[in-house]
């Protein structure tokens, strides 16, 4: 039985590299059928605010698999990136990118004789990519960095499963939990919990800056790394650089209902239509898709012929030995086709058993709620009120105390500026911006209500501009907020 | 006249590498006097919660310059990192790290014949390093990422001045403003404004993931890069990897009143006291300090002798040609001393004119307020209320509307989950965590008060748990908050 997938050609060089890849698939009798969908720049231009037609959306949601070329989002029109929209709206929570030394593609690391073979799994929905930002004052912008327990669990579990499927031995968690103790701390905590279910896999964690230092000096240390969204973005592009750039690395966005396989390089409008673009990244993404769909023997055969072809020095104009002639896109694809059945010198990749994935047949009716379902005792402790002010901390403390005049249940415990405590004690050298945090906590033995707290903030707002309010909670007896530097 | 500075030996290998560096300084008659201060692990252990004595703090604040060895912060005792405390409390807003190929130190890049010579300037106070984090629900953690206009201006201005002083031609701004539009957008906006004052310097900007890809493939493209705190942290450790690791790169934390020059590598307790530690990073930091203090000819002479020494293959046990014997810490220092006056094969570094910096003579009385002083028209637009809920979006919308029953000035305009709009429209595939954002905006033509908004939140809190409140403001007619994905 054939599997039907949605295909979007993309913009710029998209159509020609897609054609090359599908030609290779056809030559190898890959059991896929394609339904081409309308997405990309011209659909933005035609007035589709999401960059795709309703028909395209429907087809993708029906088939559950999208294979896409690079796409361009028009700039300055206030529309969101079609690539980001696709990842978010369809909840493809895991971005997987495989990076491997390709013989024939010269890099700093190939020159130094250091082989690269590693996989990055990046969380794809959360972190600052939630895009929740506010200007609190004209001088102060705040972005909310969200990390959730169930969202972390989804991507971490995917990473462990991927490691096991690939036959890797280890998985590292990259993070910055030493600084971002609650957010990255949560991600790391979930990593350690999930790791217990995979005793066959060596789980370790590493601070992200140390990770980057090691990736550029001893990348052989790693097999697979899972990270939060922004750190994963940075680390995966760093790794692309190790193997020759975005033109040589596949990308898969995996969700429970819909998954997207794409080339993440640009649309290269300057060479579009000239038939000289390099289809390698899209072909590698297509190979990942075949493997995901259970066509492991097809995937291995095509991958081996590609690796063999590159190893022979066959190249498009953007890489390889400039003293030998470069091939156009179609000729490159034909070379890969001619080499079907060949394997590279190192023996190439092996196929796992084929299997057939189920198609996304039954559309879901309600939005899915992600929850760990944990029952944890909660206690409300107080509130952080963020205010705009240019006065010195001692003066602001008097204003804050005044707001407590109708409520005896609270104490003013701390004022900070950019996270550093400036009241009741602090350093004279701490420079101040015009936004402070004022922390009120309940007195021991009292029970407080949200409503009272919001009324205190309302009273405070008569004397000073309130920008934000964050409640302070304890969960399961553990403090659910950080202390200020110096507190 | 001699300059008096504070010196902290540090923990582990700190004392021996500091001794080696000061020996080299002495042999070259560097015009410094030292006041040794008590900081580090043993002072934490003795009950000093900040890891230093009051006397140490006083001395450092009086002298304005601290030269420090690596220090250890005891783990699990709830104390903050002494290195981070020092940077924050004394407001050393710019972290400068110079990365250069050292002949004799083999790296992937030296093997590939690619020379490295670049400087990273990292903002040192803001970003997620403010450490302001809250668990909103047991499942959802939020960190507040702060970027301020005056804080950005301080570090960006420092970077331009540094570029000019070094005789570089260009400065790049690394950022992720395509995703973090308000926060990194603000940093980039300030960069572009300040750049206008430096027409002699070629200013450009680059997305941080692309930057990392280019740094591992074509690092020669860059001379100097300025970044926000976390991205700068990641990029500077990446660059340390390019030149051989933390043992080969200096670090300076620059503030208006106090500056800190330090080795950022660890304390290596396993080899402490054995006399085999590598003093190169601390020596390079000391050379940066000499240059900062105006002793440019001392700095150049010592740097040239170090470069010459390394080039000759002289090495400690942690690097270099293992077939030649390694030297201990003191012998390595003596080799550098013996080579004073020598220059490396490429001609080495040149001295600028010496000058004498003013000492930090007059202590400040009030905290400094950082402000751009811009007068901008403000308008309050509405509020985002973040709530804990497990119901479907439509049901939550009914609850939210109910909270408006006492106030006709507002509309419920949007509900989002992890930044993606889920009401009034949204995709069925958007998975939900148990924390929603509800956005209320004022009706056109009305004027609203903070107090009314906080009362709406208080009313809402009777039906659903409120986690956070963020006011929506426009500044100078420009929208001061982001739209939800899909809004």
Quiz item: Can you pull out the residues in the range B:114-127 that are facing chain A (nearest Cβ under 9 Å) and surrounded by fewer than 24 Cβ atoms within 10 Å (Cβ to Cβ)?
Solution: B:114
Exercise. Kindly check whether there is at least one residue in the range B:128-141 that is buried (at least 22 other Cβ atoms within 10 Å of the Cβ), within 7 Å of chain A (Cβ to nearest Cβ) and out of contact with any strand residue (DSSP E or B) (no Cβ under 8 Å at 6 or more places or on another chain).
Key: yes
Exercise. Collect the residues in the range A:236-248 that are at the interface with another protein chain (Cβ under 8 Å from one of its Cβ atoms) and either in contact with a strand residue (DSSP E or B) (Cβ under 9 Å, 6 or more places away or on another chain) or in a helix (DSSP H, G or I) (or both), keeping them in residue-number order.
Key: A:236, A:237, A:238, A:240, A:241, A:242, A:246
Quiz item: For the range B:185-235, what are the residues that are crowded, with 24+ Cβ neighbours inside 10 Å, assigned to a helix (DSSP H, G or I) and more than 10 Å from chain A (Cβ to nearest Cβ)?
Solution: B:191
Quiz item: Quick one: would you say residue B:448 is over 30 Å from the mean Cα position of the chain (by Cα) and more than 7 Å from chain A (Cβ to nearest Cβ)?
Solution: yes
Quiz item: Does residue B:387 satisfy being buried (at least 24 other Cβ atoms within 10 Å of the Cβ), touching a helix residue (DSSP H, G or I) at 6+ places or on another chain (Cβ under 8 Å) and either at the interface with another protein chain (Cβ under 9 Å from one of its Cβ atoms) or not in a strand (DSSP E or B) (or both)?
Solution: no
Practice problem: Go through (1) over 21 Å from the mean Cα position of the chain (by Cα); (2) surrounded by fewer than 21 Cβ atoms within 10 Å (Cβ to Cβ); (3) away from chain A (no Cβ under 14 Å) and name the single condition residue B:292 misses. | Solution: (1)
Exercise. Specify the residue that is farthest from residue A:42 (Cα to Cα); the eligible residues are those in the range A:251-279 that are touching a residue at least 40 places away in the same chain (Cβ under 8 Å) and assigned to a helix (DSSP H, G or I).
Key: A:271
Self-check item: Matching entry among A:318, A:334 (being surrounded by fewer than 22 Cβ atoms within 10 Å (Cβ to Cβ) and assigned to a helix (DSSP H, G or I))
Solution: A:334
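Residue-wise test of (1) surrounded by fewer than 18 Cβ atoms within 10 Å (Cβ to Cβ); (2) at pLDDT 95 or above.
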residue: B:30; (1), (2): no, yes
residue: B:33; (1), (2): yes, yes
residue: B:37; (1), (2): no, yes
residue: B:40; (1), (2): no, no
residue: B:43; (1), (2): no, no
residue: B:46; (1), (2): yes, no
residue: B:61; (1), (2): no, no
Self-check item: Top-ranked residue of the range B:60-84 - restricted to ones that are within 15 Å of residue B:129 (Cα to Cα) and touching a strand residue (DSSP E or B) at 6+ places or on another chain (Cβ under 7 Å), ranked as nearest to the other protein chains (Cβ to nearest Cβ)
Solution: B:80
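Do we have any residue at all in the range B:441-461 that's assigned to a loop (DSSP other than H, G, I, E, B) and under 30 Å from residue A:151 (Cβ atoms)?
Yes, the range B:441-461 contains a residue that is assigned to a loop (DSSP other than H, G, I, E, B) and under 30 Å from residue A:151 (Cβ atoms).
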Self-check item: Members of the range B:451-478 that are more than 8 Å from chain A (Cβ to nearest Cβ) and without any contact (Cβ under 8 Å) to a residue 24 or more places away in the chain
Solution: B:478
Exercise. With respect to residue A:171, determine if the residue is closer than 28 Å to residue B:235 by Cα, within 14 Å of chain B (Cβ to nearest Cβ) and under 20 Å from the mean Cα position of the chain (by Cα).
Key: no
Exercise. Exactly one condition in (1) touching a strand residue (DSSP E or B) at 6+ places or on another chain (Cβ under 9 Å); (2) more than 10 Å from chain B (Cβ to nearest Cβ) is not met by residue A:406; state its number.
Key: (1)
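What residue, among those in the range A:172-182 that are touching a helix residue (DSSP H, G or I) at 6+ places or on another chain (Cβ under 8 Å) and within 20 Å of residue A:148 (Cβ to Cβ), is surrounded by the most Cβ atoms within 10 Å (Cβ to Cβ)?
This residue is A:174.
Kindly indicate whether residue A:328 is touching a strand residue (DSSP E or B) at 6+ places or on another chain (Cβ under 7 Å) and modelled with pLDDT of 95 or more.
No: the conditions fail for residue A:328.
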Quiz prompt | Complete set of residues in the range A:1-21 that are crowded, with 21+ Cβ neighbours inside 10 Å and either assigned to a helix (DSSP H, G or I) or free of Cβ contacts under 8 Å to residues at least 24 places away in the same chain (or both) | solution = A:14, A:16, A:17, A:18, A:20, A:21
Quiz item: Are any residues in the range A:155-165 surrounded by fewer than 24 Cβ atoms within 10 Å (Cβ to Cβ) and either in contact with a strand residue (DSSP E or B) (Cβ under 7 Å, 6 or more places away or on another chain) or at the interface with another protein chain (Cβ under 7 Å from one of its Cβ atoms) (or both), and if so, which ones?
Solution: A:158, A:160, A:162, A:163
Quiz prompt | Residues located in the range A:436-487, provided they are surrounded by fewer than 17 Cβ atoms within 10 Å (Cβ to Cβ) and in contact with a helix residue (DSSP H, G or I) (Cβ under 6 Å, 6 or more places away or on another chain) | solution = A:451, A:463
Practice problem: Name, by its number, the condition in (1) closer than 22 Å to residue B:136 by Cβ; (2) facing another protein chain (nearest Cβ under 7 Å) that does not hold for residue B:438. | Solution: (2)
Quiz item: Any idea which of B:91, B:95 is surrounded by 22 or more Cβ atoms within 10 Å (Cβ to Cβ), at pLDDT 85 or above, within 11 Å of chain A (Cβ to nearest Cβ) and within 30 Å of residue B:154 (Cβ to Cβ)?
Solution: B:91
Self-check item: Residue identified as on the phi < 0 side of the Ramachandran plot and at pLDDT below 90 among A:376, A:383
Solution: A:376
Practice problem: Assess whether residue B:427 counts as being within 9 Å of chain A (Cβ to nearest Cβ), in a strand (DSSP E or B) and touching a residue at least 12 places away in the same chain (Cβ under 8 Å). | Solution: no
Self-check item: Test: residue B:446 is in contact with a strand residue (DSSP E or B) (Cβ under 9 Å, 6 or more places away or on another chain) and at pLDDT below 90
Solution: no
Practice problem: Determine, yes or no, whether residue B:418 is within 12 Å of chain A (Cβ to nearest Cβ) and at pLDDT below 95. | Solution: yes
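The values are calculated or read from the model by the stated rules, or taken from the named source; none is laboratory data. In this text, all values refer to a predicted model and were calculated from it rather than measured experimentally. Glycine also receives a Cβ, built like all others from the backbone with ideal geometry; neighbour counts cover every protein chain displayed.
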